[in-house]
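Colleague: Below you'll find the structure I mean.
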Amino acid sequence: MAFVHSFSFAFVFEFANLPLAKAEAHGFSLQDPSVVFVIALLTVLTAPLIFEKLKIPGLIGLIVAGIVLGPHAVNLIPEDSLIPPLGSIGLLYLMFLVGLEIDMHRFLQERHNSIVFGLTTFLIPQTLGAVGAHYIIGLSWPASILLASMFASHTLVPYPILQRLGLVKERVATAAAGGTVLTDTLALLVLAVIAESSRGDGLTAFFWIRQGTLFALYTGLIVWLAPRLSRWFFRRVGNVEGVTGFLYVLTFALGCAVLAPLAGLEPIIGTFLAGLTLNMLIPERSRLMIRLRFVGDILFIPFFLLSVGMRVDIELLMQSGKVWLVMAYMVAGGYITKLAAALISGKALGFSREETGVLYGLSVNQAAATLAAVMVGVRLGIFAEDILNGAILMILATCLLGPWVTERYGRRLALQAGERTLDSSGAPERIMIPVNNEQQIEPLMSLAMMLREPHSGEALYPAMMVAENDAPEKDVANAEKLLANATLQAMEAETPVNSVVRVSDNMLEELIGASRDLRISTLVMDEDLSLPSEYEHVPSRLIEEGRHLAFRFVNPCPLNLCRRMTVAVPPLIERQAGFADAWSALMRMLNQIGGNLHIIAEKATLQAMIRRSYFDPKAAHVQTESIIDFSRLPSKIREIHQSTDLTAVFLPRYGQLAWVPVHSRIPNQIKKILGDDPGLIIHPPELKWEKEPTPQGHDPLANFKAMLPAEKVFLKMDEQTVDDAVKKMVTELYPAAEHANIRKKLLDDLQLMARDASLRIVPNCVMLHSHKAAPPAAPTVLLGTRPEGFIETTASQEGENEPPQALILLLGTPEESAEEHLRRLASIASIFRDENWMDKVVNADSYEQLTASSR
């Protein structure tokens, strides 16, 4: 059988070389590096296409092509060509991208997943593999332990499939990537220990001290140096997204690989650590990340897969029966032990069947660490050639199975993930980016791409307005030329784009009209956006006239250097239905730029956000800070701001539930504090029922009389504290003995809110609201005033708020919906927002005097 196989390969080789004899006479040679490179490129182009037509993952096609074209078959790609070195770099590059694309927030939050999977996928194959190798194929214990380390390690060969399916942020990808680092490190440590013991010196205490010290120094140096060096370089160079930034990142990653052996580690560990440390500095949808993926996808990673196939020598596998035994054991061992580890890990971590399948598909593949172990074992005389051949076939078998399993279960998981991320509102997510100069384009487009929902099929809409004049054609041509840069940037990120150029003598109105005509859902603009002949602040006018989710970018710049995002949330804005969309978009951006999340809000707002699951207060990257009064936000920002912060402030529109007059001053105050540092002012989208409920031209005094008849208004009260005033008004509303339970629930609820969650409509007016009232008195509104001011428990302790002179109680029933309660609250707030009117309310001596006055 071996003779027949040898003859067949010799025949194929000779047949393939017949036409080449004449070609070589004319100076053509397969040894020419350019010829080999062209053959390799043709293979990278055609092999995946052919195999994908056959419903087989393209990665398998590249491995099979490496076998067929490699030195052990037709030899079109010789062993001494440049493809194997490029393949080695491709493996390093692959591990670098794995570290770079891990969702670090999720990795830290779910690090137990990585630890559980990493230990399980190491211990089960290591233990079962060692016992089987000793008793089934008769290896010594050191050789059995070293062989089992090949089962324990794995390489994320199918990782590009996760990239293509958009699953790199899923928890299974995070667990697999983190577990890979742990199991490969342990497997390579086994290799180092066995190699040291075979040299005759034994495993001395000096060995363990040296190995541990070098490992700690190496990892500590990379983790400490990389962020600092990279931020310094990017700040000095400036062109983060260009060629210089790409070369810096590539040099740093490969430099970490070169230095890894000095610490007794494999280079793949070095590049993975490099990816982790640069993770927070390179946003997922930045141009730099796009270029890094592009180079990997078309060059390094395909050449790595080709090089894996080139190592397989099928002819040698036919030489003896023991080779078949070793081969069968190693292939079966690789399949079974990794399957057991994936099933146990998936069960322990609560993974679905699809997630467990992806976990197995990612972890069954053997390549780099396996080759390292077998080559060291052969060099030291621990392994014979049959183990080497069996290892190569195991690499082939596992690399054929892994991509197929990952593709099959990954597609199912991607469908489930797509269903989870569907927007129930049905409204299109269309982002418009109005610009008026070239400098705004790159930072605003980058921000828009980070805010954009990954699965959205909608285009971005960069827009420019051109003034109407005698010959606008030249200005239109200049605008189109300028917007071409935005188009190019979006196309590099494979994002659809529709540029908008409009000509009008009223450019602001035209921009507003364009946003409505195109059904724009989100506006991303420079805070200093201006239009010729417009004297109004353009972003403010766009906010007033529109209902969009709006991001006003203060000092636009690349955001990858930001280490922390400080987010300020005013009271009650979290209850607006549009806030969820705005928060989701901001968190998508944070996941890409990395860094920590620092949330500033009043205590009740923080508690409400936690109840609504806007953030996990226990997450490692989340920090919260409560302030007594949101009007004190500028002084708090000034106190804590650092140059590497991105400051984001949520603000409602005028007339919305959460709006108070002090909000109109915050943008300019924040701009002065930030100086040249970046910031965002965010306006959540507006729903119709959140608009001012009072019709234009309607007498607001009539609303006041209808809402607050005389028996529900308590003017110039004698009670000095908020608690006493609340008790007085509730008792007057529910005087009967049978209402004692309702009265007690209301008082407990309102007095607790007075301490922790009062709402200041204007500086001298506080509103408290509750759902604990009951008929016949509820739902209702009560008003109490005291010109000297009511004493608040919290304010008296902190000394930050002026005592409120008016106290409003909104008492709703448990049966009414949240929307009904908020509509009523918004209606009340709309009446009392005018500070002049509030002064008249506070100073009125009687209900008749108050209702007879004019606003």
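Colleague: Amide H neighbours of MET565 under 5 Å, at least 5 residues apart or on other chains, H built in the peptide plane: list them.
Modeller: Under 5 Å from the amide H of MET565: ASN596, LEU597, HIS598, LEU646.
Colleague: Magnitude of the Cβ-charge dipole of the stretch 512-647, K/R +1 and D/E -1, about the Cα centre, nearest 20 debye?
Modeller: Details: 16 positive and 16 negative charges, 117 e Å.
So the dipole magnitude of the stretch 512-647 works out to roughly 560 debye.
Colleague: Find how much the distance from ASP505 to ARG164 grows on full extension, using 0.36 nm per residue of separation minus their present alpha carbon separation; answer in nm with one decimal. Could you put the intermediate results ahead of the total?
Modeller: Values: separation 341, 0.36 × 341 = 122.76 nm, distance 4.63 nm.
That works out to 118.1 nm of additional length.
Colleague: Ranked highest first by the average count of other Cβ atoms within 10 Å around their residues, in what order do 138-149, 71-82 fall?
Modeller: Working: 138-149: 21.1, 71-82: 17.8.
In decreasing order of mean packing, 138-149, 71-82 become 138-149, 71-82.
Colleague: Carbon and sulfur: what percent of the stretch 569-693's accessible surface (1.4 Å probe)?
Modeller: Working: 2200 of 4800 Å².
It is 46 percent, rounded to a whole number.
Colleague: Quote to one decimal, in nm, the extra length available between LEU752 and THR46 on full extension: 0.36 nm per residue of separation minus the C-alpha distance between them. Numbers along the way, then the final one.
Modeller: Numbers: separation 706, 0.36 × 706 = 254.16 nm, distance 6.99 nm.
Contour length minus Cα-Cα distance gives 247.2 nm.
Colleague: State which entries of LYS636/LYS840; LYS169/LYS618; LYS672/LYS840; LYS618/LYS745 exceed 27 angstrom in Cα-Cα distance in the structure shown.
Modeller: Values: LYS636/LYS840 33 Å; LYS169/LYS618 20 Å; LYS672/LYS840 35 Å; LYS618/LYS745 31 Å.
LYS636/LYS840; LYS672/LYS840; LYS618/LYS745, as the Cα separations exceed 27 Å there.
Colleague: Can you work out the FRET efficiency for the pair PHE37 and LEU250, with r the C-beta to C-beta distance and R0 = 22 Å, to the nearest 0.05? Write out the running numbers ahead of the final one.
Modeller: Working: r = 20 Å, r/R0 = 0.89.
Once the sixth-power term is evaluated, E becomes 0.65.
Colleague: Going highest first, how would you order 219-225, 269-275 by mean Cβ packing within 10 Å?
Modeller: Numbers: 219-225: 14.1, 269-275: 26.7.
The packing order, highest mean first, is 269-275, 219-225.
Colleague: Loop-only check: which trypsin sites (Lys or Arg not before Pro) in the stretch 608-651 are DSSP coil with at most 11 other Cβ within 10 angstrom? Let's see the in-between values first.
Modeller: On the way: sites: ARG611, ARG612, LYS618, ARG632, LYS636, ARG638; in loops: ARG612, LYS618.
Those satisfying the criteria are LYS618.
Colleague: Can you tell me the FRET efficiency between ALA577 and ALA740 if r is taken as the Cβ-Cβ distance and R0 is 22 Å, rounded to the nearest 0.05?
Modeller: Details: r = 37 Å, r/R0 = 1.68.
FRET efficiency, ALA577 to ALA740: 0.05.
Colleague: Keeping every protein chain present and rolling a 1.4 Å probe, give me the accessible area per residue for the stretch 449-605 in Å².
Modeller: Working: 6050 Å² over 157 residues.
Computed with neighbouring chains in place, this is 39 Å² per residue.
Colleague: Turning to a different aspect of this structure: Computing the accessible area with a 1.4 Å probe over protein heavy atoms, can you report the carbon and sulfur percentage for the stretch 118-174?
Modeller: 70 percent
Colleague: Which value in nm describes the separation of the simple spin-label points at THR213 and GLU544, placed 7 Å from the Cα toward the beta carbon?
Modeller: Label-label distance for THR213 and GLU544, simple model: 7.1 nm.
Colleague: Of the accessible area of the stretch 210-314, with the probe set at 1.4 angstrom, what percent is carbon plus sulfur? Mind showing how you got there, number by number?
Modeller: Working: 3040 of 4210 Å².
The computed percentage sits at 72.
Colleague: Using the beta-carbon distance between VAL223 and GLN642 and R0 = 25 Å, what value does 1/(1 + (r/R0)^6) give for FRET efficiency, to the nearest 0.05?
Modeller: Details: r = 20 Å, r/R0 = 0.81.
Efficiency, rounded to the nearest 0.05: 0.75.
The values are calculated or read from the model by the stated rules, or taken from the named source; none is laboratory data. Please read all numbers here as calculations on a predicted model, not as lab measurements. Backbone-built Cβ (ideal geometry, glycine too); neighbour counts: all protein chains shown. For the accessible areas, the whole protein counts, side chains as well, though only heavy atoms, and no ligand, DNA or RNA atoms are used. Shrake-Rupley method; radii C 1.70, N 1.55, O 1.52, S 1.80 Å.
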